[in-house]
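S.K.: Take this structure first; my questions come after.
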Amino acid sequence: MALLRKINNVLLVLLLLMFYLLLHNILLKASTRPKLSDHWKTLRNAAPVPDMRVSEEDNVIPVIICASEERMGGTMAAINSVYSNTDASVFFYIVTFRDAVKLTRQYIERTELKGIKYKILEFNPMVLRGKVKPDSSRPDLLHPLNFVRFYLPLLDINHKRVIYLDDDVIVQGDIKDLFHIKLKPGHAAAFATDCDLPSTHEMVRSIGMQTTYMGFLDYRKQEIKDLGINPRDCSFNPGVFVADISEWKKQKITKQLEKWMEENFRLNIYSSAMAGGVATPPMLIVFHDKYTTLDPLWHVRHLGWSPDARYSESFLQEAHLLHWNGPFQTMELSCCSLGSVGEVVHPRPLRKILLGTT
């Protein structure tokens, strides 16, 4: 009887030891597993390897663009225009919501875009809680994906430099020329100013567009006055820019942008009733006098602001990038059946729309 009791005790000790070792192994694996950001998650795709990792050493040009379900046609047109006009190796980081992942992949894999290199990233709009409030003036400008540009360092990418593009652009130049712009020391980004291109001035005046900080910030508010920014200073549009991710992190740009979003949430120091909606003003504040200027031909905008206002054909042909940042779109951005995507996203037929010949 005593011998049986000893055997049972030994077995119990062995079982406890095995349980301890198993638990230790589980905890060890959990502690070494890569942690996901609170707001971002990488979604696997099939182009060309499900778990593709891309780094600076791969010598690619990383382009970040958003893809909302209701504007998928515009996103695909922008991607195709980049892809069709360069011989460089471009890698697209396509940011969307979980519900639009399947549609995004279908647009790519069932059309002529199936040859692009890409990764789909999911954006969690909960990151914007307490930072953006409803505003009926231009609800399209309040779409959560409009704020992806604020959170570039949280994306699951491994690059020191990236290009960010809005989904309503068409690229006519070689994207590698934009990517290789030289940023000034201490600058985290390069934008095109609203005052640099004389060819656009007549168009801007004809549609009443704003080109200075006065058109974006409420200078009646003390918080804006305290910034010391001259209301006549030239503004810029953050729909196209080159970003230095290392410098962005170093300067805590995202935290600065979030601070001004929260300030506006509390004090309404700007709104979508003003020229740039709610995504542009924080960028204007944080990057004031702290950005490199792009060649203005890399961001010809003000398209879509008036059905009657047009640029000349020669000027449009000279432009490297065209941006429909107005409320009137020249094409239905949600567009088309998958069978016709190849025609819609091809940049050449779109020229007819650009030039007003349809």
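Bear in mind these aren't lab numbers, they're just calculated from the coordinates by the rules spelled out. From a predicted model like this one, the values you see are computed outputs, not experimental measurements. Virtual Cβ from ideal backbone geometry, glycine too; neighbours counted across all protein chains shown.
S.K.: Work out how much length N124 to E112 would gain on full extension: take 0.36 nm times their residue separation and subtract the Cα-Cα distance, in nm to one decimal.
M.R.: 1.4 nm
S.K.: Next question, about the same structure. For the pairs K119/K252; K249/K290; K131/K160, note any where the Cα-Cα span goes beyond 19 Å.
M.R.: K119/K252; K131/K160
S.K.: To the nearest 0.05, what FRET efficiency results for T293 and K102 with a Förster distance of 35 Å applied to their C-beta separation?
M.R.: Plugging the Cβ-Cβ distance into 1/(1 + (r/R0)^6) gives 0.30.
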